[in-house]
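J.: One structure is given below, represented as structure tokens, and several questions about it will come after.
Every read-out reported here was derived from the displayed coordinates using simple, explicitly stated rules and does not represent laboratory data. Fair warning: this is a prediction, and the values are worked out from it, not measured in the lab. Cβ: placed from backbone, ideal geometry, glycine included. Neighbour counts: every protein chain shown.
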Amino acid sequence: MWNTPTLANNSKFKITIVNRDITNIIRYFMDEWIPPVIRDSRWFMYPFFLIAYRGRNIREVMDFKSRVHSFTPEDYDRFYNNLNTISRNRITDLNKPSLKYILENIDPTAQTLIDVGCGNGFLLKQVHEKFPNLKLTGFDIKDTDSNSDVYTYEKGNIEKMPFADKSFDIVTCSHTVEHLTKLDQCMSELVRIARKQVFIVTPCQRYYYFTLDEHVNFFPFKEELTSKIPMKNFSCEKVNGDWVFLGKI
């Protein structure tokens, strides 16, 4: 039973979740039903990029996958802080069942939690409603003016986080690992700073060069995800088009 009143009663949240589910449905039909020679052609995808990126820097974002591997940390920071896409209007990229899974499986003995790639802090606020005694931290590469009384915020790069080993009982990371160029290093960092649990949510998505999401990692099969995470005790489920990974230490 869904027991978070804000989620159940907040109409804006409902719209956001529907938008995310619609995104997954559209992506599924585009990726699975349109012939690859058409689906991954520049002329076919150009109008979608034009709309999604509000007509700004279309050539740059269409060739993102070719360029991103030569980015310096400063280039990476600049690119993501200057993005202005229609997807940024969503409160969260988490779909409702994935969010419910996280909230229902958080270790009740935990005292600290960090959300890596926290964005606007949506997940942290939902965790706070259910677990008000948890000490929460948000971590992201983006600039923010967050003055939240729910969590503390630190800006940085996931490739080398400024935290000691086992600093947090729980590490969450949703819709972030698909963006990382140094995936193995970043996965090791997520596990390194965790004491009890690691939650990772990422799309179940087939690779195409032209995608409207700045993704560089693709996980059409769960083994492609789980093999990258250095944990032996875990579960991984597909939930409404996204993988939800829970690792226990």
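J.: Leaving out same-chain residues fewer than 8 places away, which aspartates and glutamates sit with a Cα under 19 Å from that of K166?
T.: D107, D115, D140, E154, D184, E189
J.: Oh, and also: Go through K135/K196; K100/K142; K155/K232; K65/K96; K142/K222; K100/K238 and tell me which ones have a Cα-Cα distance over 22 Å in this structure. Before the final figure, lay out each step's value.
T.: Numbers: K135/K196 15 Å; K100/K142 26 Å; K155/K232 30 Å; K65/K96 29 Å; K142/K222 28 Å; K100/K238 13 Å.
Listed pairs above 22 Å: K100/K142; K155/K232; K65/K96; K142/K222.
J.: Another question, if that's okay. Treat each spin label as a single point 7 Å out from the Cα along the C-beta direction, and report the S41 to I249 distance in nm.
T.: 5.0
J.: Another question, if that's okay. Simple spin-label model, 7 Å along Cα-to-Cβ: L50 to T152 in nm?
T.: Roughly 4.9 nm, to one decimal.
J.: Got a sec? Which residues in the stretch 56-80 would a label at Q185 touch, if it sits 7 Å along Cα→Cβ and we count backbone N under 19 Å?
T.: What the label zone holds, given the 19 Å backbone N cut-off, is 65-80.
J.: Got a sec? Charge dipole of the chain, +1 on Cβ for Lys and Arg, -1 for Asp and Glu; which of V116, Y207, M187 is way out at the positive end?
T.: Y207
J.: Sort W243, W33 so the one with the fewest other Cβ atoms within 10 Å of its own Cβ comes first.
T.: Values: W243 24, W33 8.
Fewest-to-most Cβ neighbours within 10 Å comes out as W33, W243.
J.: Just to check I understand the Karplus step: with θ = phi - 60° and J = 6.51 cos²θ - 1.76 cosθ + 1.60, what whole-Hz values come out for the stretch 156-172, glycine and proline as x?
T.: x, 9, 4, 4, 8, 7, x, 10, 6, 4, 6, 6, 10, 4, 10, 10, 10
J.: What is the magnitude of the charge dipole of the chain about its Cα centre, with +1 placed on the Cβ of each Lys and Arg, -1 on the Cβ of each Asp and Glu, and no other charges, expressed in debye to the nearest 20? Don't skip to the end; give the middle numbers.
T.: Numbers: 33 positive and 31 negative charges, 70 e Å.
I would put it at about 340 debye.
J.: Separate question: Given the chain reduced to its alpha-carbon atoms as identical point scatterers, what log10 I(q)/I(0) does the Debye formula return at q = 0.07, 0.12, 0.14, 0.16 Å⁻¹?
T.: Debye output, listed in q order: -0.23, -0.70, -0.98, -1.31.
J.: Still on this model: Give me a comma-separated list of calculated 3J(HN,Hα) values for the stretch 232-249, in order, Karplus coefficients 6.51, -1.76, 1.60 applied at θ = phi - 60°, integers in Hz, x for any Gly or Pro.
T.: Values per residue, Gly and Pro as x: 9, 9, 7, 10, 8, 10, 8, 10, 6, x, 10, 7, 10, 9, 10, x, 10, 9 Hz.
J.: Compute the longest continuous run of the chain that contains no exposed trypsin sites (Lys or Arg not before Pro); treat a site as exposed when its DSSP state is not H, G, I, E or B and it has at most 15 other Cβ atoms within 10 Å.
T.: Values: sites that count: R54, R56, K142, K166, K182, K232.
Free of exposed loop sites, the longest segment is 57-141.
J.: Just to verify a number: FRET efficiency for N133 and N84, C-beta to C-beta distance, R0 = 22 Å, to 0.05? Provide the component values of the computation, followed by the final result.
T.: On the way: r = 37 Å, r/R0 = 1.70.
Given R0 = 22 Å and the Cβ-Cβ separation, E is 0.05.
J.: Take the chain, connect every pair of alpha-carbon atoms lying under 10 Å apart with a spring to form a Gaussian network, then pick out the residue of D21, D63, D140 with the largest mean-square fluctuation.
T.: It is D63.
J.: Follow-up. In sequence order, what are the phi-derived ³J(HN,Hα) couplings for the stretch 93-104 according to the Karplus relation 6.51 cos²θ - 1.76 cosθ + 1.60 with θ = phi - 60°, rounded to whole Hz, with x for glycine and proline?
T.: Whole-Hz 3J(HN,Hα) from phi for the stretch 93-104: 8, 6, 7, 4, x, 5, 4, 4, 4, 4, 4, 7.
J.: Hey, if you put +1 on the Cβ of every Lys and Arg and -1 on every Asp and Glu Cβ in the chain, which of V171, W43, T226 ends up farthest toward the positive end of that dipole?
T.: W43
J.: Using a Gaussian network model of the chain whose springs link C-alpha atoms within less than 10 Å, name the residue from T144, T72, T23 with the highest mean-square fluctuation.
T.: T72
J.: Here is a follow-up. Between helix 183-192 and the chain, what is the angle of the helix's C-alpha long axis to the longest principal axis, kept within 0 to 90° and rounded to the nearest 10?
T.: 10
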